[in-house]
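Every read-out reported here was derived from the displayed coordinates using simple, explicitly stated rules and does not represent laboratory data. Keep in mind that this is a model prediction, so the values were computed, not measured. Every residue, glycine as well, gets a Cβ built from its backbone with ideal geometry; the counts of neighbours run over all protein chains shown.
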Amino acid sequence: MSQYIFVTGGVCSSLGKGLTAASIAMLLEHRGLKISMLKLDPYLNVDPGTMNPFQHGEVYVTDDGAETDLDLGHYYRFTSSPISKATNATSGQIYDTVIKKERRGDYLGKTVQVIPHITDEIKNRILAATCPDTDVTIVEIGGTVGDIESNPFMEAIRQFRYEHPGKCANVHLAYVPYLKAAGELKTKPAQHSVQLLRQIGIIPDVLICRCERPLSDSIKKKLSLFSNVPLDMVFDEPDVKHSIYEVPIELHEAKVDDAICRLLGLPTAQKDLSKWLSMVEALKNPKATIRVGIVGKYLKHKDAYKSVFEALYHAATAENHKLEIITIESDKDPEKAFAKCDGILVPGGFGDRGWEGQLAAAKHCRETHLPYFGICLGMQVLVVDFAREVLKLKDANSTEMDPKTPHPIISLLSEQKNVEDLGGTMRLGSYPCVLKTSSKAHTAYTEKLINERHRHRFEFNNAYKADAEKAGLSIAGTLENHNLCEIAENTTHPWMVGVQFHPEFKSKPTSPHPLFHHFIKATIAHAHSSH
Ligand code: GLN
């Protein structure tokens, strides 16, 4: 049976619990252990798919079509553990399951309650997240200890440990702030967060303290005494200097993975971290800088395009370049910023705010031969610009932006025509795509059949395909055995590629996604040719 590590957070949110959980997973995987991951989210939405990106940041899509929390992106990038709809459970899903069972009569005669019915369902989800042959399942509990809505999760993990003695470890991540006025690090908030956990019956085995400055031994001793966590299980996790990919290295140097292995009686043999280390070295020592503009409308939320940012960093690091991302708000005169960019990426999005600004980006790239990478909505932008300016179809548009356009070159997928509910009803998940040989995409993937993940309702309208192709817009990839357009490329441009899918979800720091890699190569080439 698998062992379990429960990761909780205290004091405040945004401490990087997801990153810490992913880093621990990565370190254990490097000891040859098989890891499963689970993120439990206390909110009542069934999934984050219906949430505004300003509220929640990116929606991470899995191969099996689940719209999930962005921490799953960290899990994917740091580990090779399987990521699927079983990897994320929300209170909304758990209540939905329990209420459906109640309506079916499964609890007939009983009063349905948070304990045991909701907590049982949470425990079921923990077991369901554990894949066959898993050595360690890491369960991250969203939110902060003390939140009313996370209580059922805390209670469930307390019960789980009671029912699986010797198989569980609690890792608590707390914050130790530095008070400038006092000139001191303050441990009280972290102590209180441990007290809150103890009130629920959870005693942390490992305490990891996020901090801006390293903790002295005397502060660690104090935390150990007040929180009942042995001194050799108290660690600090200071902010990293260059990149989140330093986190596992820092935790490894602090011997957090040794401590966890000791606790759970796991093998302590260490495998080679050199691939990861050399990636981190490369990102610390770039030979030049390139600037990529992202023209989007959710840029104020730093995590709204999380995977896109990370995928760009992976590719730039692989080319030994420092990446400067220029965030360009698509509804605020974006044109001013284009001249600063060595390449432009237009990411996914919904609705017409900022749409014309994104079209201006595609026009600029097309006319000046600046590399352009369009993702999902960004492919639709590439196509509509081409229709208006090259095919001379005045007012061509996507029917999402203008339902009455005379030239609907982007229109609703036929399977979407009768969809009424908004939650979980887009074209979601992984589909196979056949590439045209000699396309930019084929050069990048070096394969003819690829699989990529989707999240959209609109598509390229094939009524325009023949004219578009004649004029230089190649439909370079289509859904296998269908004519649905998945990739559009401008054949008269050095690198202008749009994809209807989301390649960013499948990029890893040690193996950048081929399309991002080739976009960055084109961007570097452009930067050199224009300087
Ligand atoms: N709004 C567009 C569609 O639904 C693009 C979606 C996206 O970028 N994820 O097709």
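Over the range 387-449, what lengths in whole Å, largest first, do the semi-axes of the equivalent ellipsoid take, defined as the square roots of 5 times the eigenvalues of the alpha-carbon gyration tensor?
In descending order the semi-axes read 27, 23, 8 Å.
Shape verdict for the range 366-423, please, from the Cα gyration tensor: rounded (a/c under 1.5), prolate (a/b greater than b/c) or oblate.
The shape class here is oblate.
Once the mean 1/r over all distinct Cα pairs of the range 144-292 is inverted, what Kirkwood radius in angstroms do you read off?
17.4
Restricting to bridges with both residues inside the range 97-238, how much of the DSSP beta-bridge set is antiparallel, in percent to the nearest 5?
Taking every DSSP beta bridge within the range 97-238, about 15 percent pair in antiparallel fashion.
Hey, what did the range 358-447 get for relative contact order, percent, Cα under 8 Å, at least 6 apart?
Computed over the range 358-447, the figure is 14 percent.
Quote the Stokes-Einstein diffusion coefficient, in whole µm² s⁻¹, for the range 1-149, based on the Kirkwood radius over alpha carbon pairs, a temperature of 25 °C and a viscosity of 0.890 mPa s.
Result for D is 153 µm²/s.
Given the convex hull over the Cα atoms of the range 295-348, what projected area results after averaging over all orientations, in nm²?
Mean orientational projected area (the range 295-348, Cα hull): 3.8 nm².
What's the long-distance tail for the range 97-166, i.e. % of Cα pairs beyond 14 Å?
Counting every Cα pair in the range 97-166, those more than 14 Å apart make up 66 percent.
Which of rounded, prolate, oblate describes the range 343-447, given a ≥ b ≥ c as roots of the alpha-carbon gyration tensor eigenvalues and a/c under 1.5 marking rounded, otherwise prolate only if a/b is larger than b/c?
Judged from the Cα gyration tensor, the range 343-447 comes out oblate (a/c at least 1.5, b/c at or above a/b).
Against the longest alpha carbon principal axis of the chain, how many degrees, from 0 to 90 and to the nearest 10, is the axis of helix 377-389 turned?
Compared with the principal axis, the helix lies near 10 degrees.
Which value, in nm² and rounded to one decimal, describes the direction-averaged projected area of the C-alpha convex hull of the chain?
Convex hull of Cα atoms, orientation-averaged projection: 26.8 nm².
Rounded to whole Hz and in sequence order, give me ³J(HN,Hα) for the range 322-333 from the Karplus expression 6.51 cos²θ - 1.76 cosθ + 1.60, θ = phi - 60°, writing x for Gly and Pro.
7, 9, 10, 9, 9, 7, 10, 5, 6, 9, 10, 6
Can you tell me the orientation of helix 119-129 relative to the chain, as the angle in degrees between its alpha-carbon axis and the longest Cα principal axis, to the nearest 10?
With both axes taken from Cα atoms, the answer is about 60 degrees.
Measuring from centroid to centroid over Cα atoms, what is the spacing of the range 10-51 and the range 89-165 in Å?
16
How much of the DSSP beta bridge set in the chain is antiparallel, as a percent to the nearest 5?
Here the share of antiparallel DSSP bridges comes out near 35 percent.
At a 10 Å Cβ-Cβ cut-off, how would you order TYR178, TYR445, TYR464, fewest neighbours first?
TYR178, TYR445, TYR464
Holding the Cα-Cα limit at 28 Å, pick out from LYS255/LYS287; LYS220/LYS508; LYS306/LYS521; LYS123/LYS221 the pairs that are longer than that.
Violating the 28 Å limit, Cα to Cα: LYS255/LYS287; LYS220/LYS508; LYS123/LYS221.
Over all distinct Cα pairs, what is the inverse of the mean 1/r for the range 382-506, reported as the Kirkwood hydrodynamic radius in Å?
Every distinct Cα pair counted, the radius reaches 15.1 Å.
Ignoring everything except DSSP H segments at least 4 long, calculate the 222 nm mean residue ellipticity for the chain; use -39,500 (n - 2.57) per segment, divide by total residues, nearest 500.
About -10500 deg cm²/dmol.
Find the relative contact order for the chain and round it to a whole percent, using C-alpha pairs within less than 8 Å whose residues are 6+ positions apart.
15
Give me the Å³ per residue figure for the convex hull around the C-alpha atoms of the range 156-207.
Value for the range 156-207: 63 Å³ per residue.
So what's Rg/Rh here for the range 457-523, counting alpha carbon atoms and using the Kirkwood radius for Rh?
That ratio is 1.01, to two decimals.
Could I get the Rg over Rh figure for the range 239-295? Both from C-alpha atoms, Rh via Kirkwood, rounded to two places.
Using Cα coordinates only, the ratio equals 1.14.
Which semi-axes, in whole Å and largest first, does the equivalent ellipsoid of the range 1-68 have when worked out from the alpha carbon gyration tensor as the square roots of 5 times its eigenvalues?
Here the semi-axes work out to 25, 16, 11 Å.
Determine, for LYS336, LYS167, the number of other Cβ atoms within 10 Å of each Cβ, and report the residues in order from fewest to most.
LYS336, LYS167
What is the ratio of the Cα radius of gyration of the range 31-118 to 2.2 N^0.38 Å, with N the residue count, to two decimals?
1.29
Please report Rg over Rh for the range 277-420, where both radii come from the alpha carbon positions and Rh follows the Kirkwood definition.
A ratio of 1.03.
Tell me the relative contact order for the range 422-531 as a rounded percent, counting alpha carbon contacts under 8 Å between residues six or more apart.
This gives 23 percent for the range 422-531.
Mind sorting GLU489, GLU155, GLU415, GLU480 by how few other Cβ atoms lie within 10 Å of their own Cβ, fewest first?
Starting with the residue having the fewest Cβ neighbours, the order is GLU415, GLU480, GLU155, GLU489.
Could you estimate the translational diffusion coefficient of the range 66-198 from the Stokes-Einstein equation, with Rh from the Kirkwood formula over C-alpha pairs, at 4 °C and 1.567 mPa s, in whole µm²/s?
Calculated translational D: 75 µm²/s.
Using the Cα atoms as the points, what is the convex hull volume per residue of the range 34-82 in Å³?
80
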